[in-house]
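The values are calculated or read from the model by the stated rules, or taken from the named source; none is laboratory data. None of the values given here were measured: they were computed from a predicted structure. Counting neighbours? That spans all protein chains shown, and the Cβs are built from the backbone with ideal geometry, glycine included. Note: accessible area is taken over every heavy atom of the protein model, side chains too, but ligands, DNA and RNA are not part of it. Shrake-Rupley method; radii C 1.70, N 1.55, O 1.52, S 1.80 Å.
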Amino acid sequence: MRKIPQIACQLSFVPIGDIDYNREIGLVLDMIAASGLTHEVGAMSTIIRGESLKVLALLGQIIQHEAESGHRYTMTAAISNTCGCSV
């Protein structure tokens with residue numbers, strides 16, 4: 001059986017033009033928490049660690065949520081299979 005690679009993702013999410021931007025950031029943080037992935041919330045970004053397919057699926061869920069909500073945003077995700085990957 002092949003092992004699924006582990007990755008770390010540093011994610012920064014910034015709502016654009018949303019008066020209640022803290023609410024939208026909170027919803028994204030709730031999605032991250034509900035994912036079951038290891039994560040650390042920082043002042044400007046969140047580090048997410050886990051199986052690569054699960055981390056990428058979470059990013060897809062966030063994008064889908066924002067598309068369905070009609071919100072505008074910028075999301076930066078730096079992904080590494082080396083830096084910070086110990087789970």
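Annotations for the structure displayed:
- Residue check, T76 assigned to a strand (DSSP E or B) and open to solvent by 60 Å² or more (accessible area, probe 1.4 Å): yes
- Reported count of residues in region 16-36, each being in a loop (DSSP other than H, G, I, E, B) and under 10 Å from the mean Cα position of the chain (by Cα), is 1.
- Among the residues of region 55-69, just one is open to solvent by 90 Å² or more (accessible area, probe 1.4 Å) and under 10 Å from the mean Cα position of the chain (by Cα), namely Q61.
- Those residues of region 16-54 which are open to solvent by less than 40 Å² (accessible area, probe 1.4 Å) and among the acidic types (D, E), in sequence order: E24
- Only residues that are surrounded by fewer than 14 Cβ atoms within 10 Å (Cβ to Cβ), in contact with a strand residue (DSSP E or B) (Cβ under 9 Å, 6 or more places away or on another chain) and at pLDDT below 95 were counted in region 1-15, giving 2.
- Residues (closer than 14 Å to T76 by Cα and of a type in the set (S, T, N, Q)) located in region 20-65: S45, T46
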